[in-house]
Amino acid sequence: MTKRQKQTLARILVTAGLFAALLILEKTGRLESLGRRQVLLFLLPYGLIAYDIFLAAAGRIRQGIIFDENLLMLIATIAAFCIGEYAEAVAVMLFYQIGELFQSVAVGRSRRSISDLMEIVPAYANLMQGDTVTQVDPDDVAVGDVILIKAGERVPLDGEVLTGTSLLDTAALTGESVPRRVSPGDAIVSGCINGSGALTVRVTKAFEDSAVSKILELVENASSKKAKTEQFITRFAKIYTPFVTACALLIAVIPSIVTGDWREWLQRACIFLVISCPCALVISVPLGFFGGIGAASRRGVLVKGGNFLEAAAGVTTLVFDKTGTLTQGEFRVTRLLPADGDERALLHLAALAESGSDHPVARSILAACGEAPQTGAVSNLTETPGEGVEALADGQRLAAGNAKLMARLGITPPPVETAGTVVYLAADGQYRGAIVIEDALKDGAAQAIADLRAAGVRQCVMLSGDRQAAAQAVGAQLGLDAVHAELLPAEKVGSVEAMLAEKGPKEILGYVGDGINDAPVLMRADLGFAMGSLGSDAAIEAADIVIMDDDLRRLPTVVRIARKTMRIVRENIWFALGVKLLVMVLGALGIANMWMAVFADVGVSVLAILNSMRTLRIK
């Protein structure tokens, strides 16, 4: 508990002790001799528990906000004092403060998972200037400077590792508990914790442009983007509060003039006011959304506002980019087809031929081989764009490339059925085999699609700029409903706009992309999800929801969290309105007493808050 919460708890306990003592004296008849003067005794616990409500109401009135729950409580309890219901007046304020304390603790718990992100801000950076290391503010480090990150320290700025090898704890950013190994040449982002070894890093982004700054800016602004349901509750409370105050005034005055029983009808009006306090709605609905955003952040998903969480609950169609989203965006050798059955020899010769090329296909073959060709082993290397490479190695004339290169050399290779890229290899004019290279699916992609369908997403579509055959192969593997290939960025926007025109008014279309090439589509869709976006400014700015660790399986989790959040919010609205309406009618008819009013206010608020806290425990 915070210091302020502890102070409130202390006031509640002291007030409860005084109140209990006065009740005992009242029940034993020892206050009867005081008559109306006993009000002075009840004013002591009342003032102790209610003084901050007076201050809050006065502050709101100075801001021009007259009708709120603080004023309702004050009017009701002061009126109760006026008609001699001293104990009821103290009880109402005491239980109201207990409800407020409970709400404060609940909000604190729901904020904790989001506020953990605030702790990723680094306090300093170790700036290296020659042999000197100086601790400076991260804001004072320029792009190109070299910093030292010791074991156990938080990475202060985005950069590239120059020296050192270590394991980075990225849990605060991604929710992923498995450390990530980094070595010279790897890019690292601010906010991670250096686990094992010292690293020297060249800074690539200023602090205000770093990943940690962008994330914190989004977290701080998330609560300002209210969902439609939250906006409705805010507008409702502005109309509801003065309306019920006017109703209470009518209940107190008109029947009293007719019957002459001012005490009875003033008491009913007080009960009506206590019942009508909108705390349960005003607190539980925003708390529900805040809890949902917190539950998502603990799983490595940054939701930019309650409006986007509400939109995620209504997603019926998800459109995916292919490369870098559904696939890893990296070519890998998936099949070796040697003519003589020797796979290792085929891969070795292909690596020799490709050793001088920087083409992604060449890099994938070298990575699969696992050993760099010896210096001087390759000579006379010639690379023909659109065909492949030729080189002299091990006394053989090697050629590695596509069917065009083989045709030029007079070689007719056997057909290979694949949606990937085929690299044919020849040595001294003789066909030696083929290597199939494909962009592999991301881990968990198939499971993510299946889980999305189970979560209620009806249609999964893929848009790709890749070849039709490659795109169709990925679509078939994942069981997608539709695949559109060979699209330019502008054509992707057109495809999304066509789907937007076809969907129903209450249906939501989401787009999942890598956040860089797909930024226009991310912004055009009803809801944008950025994948592979850790440290990507374009992704963080264009998307509405950012998947911090590039794991597709976070998508169904977000949808489930959003739908449970909306279900809980609606439960709170109908429960609070239903109970209040019932007890308000009973109060106006004289059936409900002040204790029932306390339950209809504080009790309903506590139950609604408890229900909202369920969003933090979504599995």
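May I ask you to list the residues in region 42-63 that are buried (at least 17 other Cβ atoms within 10 Å of the Cβ) and either in contact with a Phe, Trp or Tyr (Cβ under 8 Å, 6 or more places away or on another chain) or modelled with pLDDT of 85 or more (or both)?
42, 45, 46, 48, 49, 50, 53
Mind checking whether some residue in region 452-459 is touching a helix residue (DSSP H, G or I) at 6+ places or on another chain (Cβ under 6 Å) and surrounded by fewer than 19 Cβ atoms within 10 Å (Cβ to Cβ)?
yes
Do you know which residues across region 1-12 are of a type in the set (A, V, I, L, M, F, W, C) and farther than 22 Å from residue 85 by Cα?
Passing the criteria: 1, 9, 10.
Being at pLDDT 85 or above, surrounded by fewer than 14 Cβ atoms within 10 Å (Cβ to Cβ) and under 47 Å from the mean Cα position of the chain (by Cα) is the requirement here; does residue 367 meet it?
Answer is yes for this residue.
If I filter region 139-149 down to residues being under 19 Å from residue 166 (Cβ atoms) and touching a Pro at 6+ places or on another chain (Cβ under 9 Å), which single residue comes out as surrounded by the most Cβ atoms within 10 Å (Cβ to Cβ)? Spell out how you get there, then give the answer.
As a first pass, look at region 139-149 and keep what is under 19 Å from residue 166 (Cβ atoms): 146-149.
If we keep only those that are touching a Pro at 6+ places or on another chain (Cβ under 9 Å) too, we end up with 147, 149.
Values: 147: 23, 149: 27.
Checking each candidate, the answer is 149.
Condition check: under 30 Å from residue 558 (Cβ atoms) and touching a Gly at 6+ places or on another chain (Cβ under 9 Å). Does residue 411 satisfy that?
no
Condition check: in a loop (DSSP other than H, G, I, E, B), more than 18 Å from the chain's Cα centre (by Cα) and either of a type outside the set (A, V, I, L, M) or modelled with pLDDT of 85 or more (or both). Does residue 505 satisfy that?
Criteria met by residue 505.
Inside region 331-427, counting only helices (runs of 4 or more DSSP H) that do not spill past its ends, which hold 2 or more residues that are over 29 Å from residue 472 (Cα atoms)?
On the way: elements: 343-354, 360-369, 403-408.
Here the list reads 343-354.
Which of the residues belonging to region 288-326 are assigned to a strand (DSSP E or B), under 18 Å from residue 440 (Cβ atoms) and modelled with pLDDT of 85 or more?
Step one: filter region 288-326 for residues assigned to a strand (DSSP E or B), giving 301-303, 315-321, 323.
Subsequent filtering for residues that are under 18 Å from residue 440 (Cβ atoms) retains 320-321, 323.
320, 321, listed by residue number.
Yes or no, residue by residue, for (1) part of a strand (DSSP E or B); (2) modelled with pLDDT under 90:
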residue: 443; (1), (2): no, yes
residue: 452; (1), (2): no, no
residue: 493; (1), (2): no, yes
residue: 511; (1), (2): yes, no
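Of the residues 439, 428, 443, only one is more than 19 Å from residue 366 (Cβ to Cβ) and within 52 Å of the chain's Cα centre (by Cα); which?
443
Starting from region 4-24, keep only residues that are at positive phi, then list their pairs with residues that are of a type in the set (A, V, I, L, M) and in a helix (DSSP H, G or I) whose Cβ atoms are within a distance under 8 Å, requiring at least 6 positions of separation or different chains.
Taking only residues 6 or more apart or on different chains, not a single pair turns up.
The values are calculated or read from the model by the stated rules, or taken from the named source; none is laboratory data. None of these values were measured; they are calculated from a predicted model. Quick reminder, even Gly has a Cβ in these numbers, built from the backbone with ideal geometry, and neighbours come from all protein chains shown.
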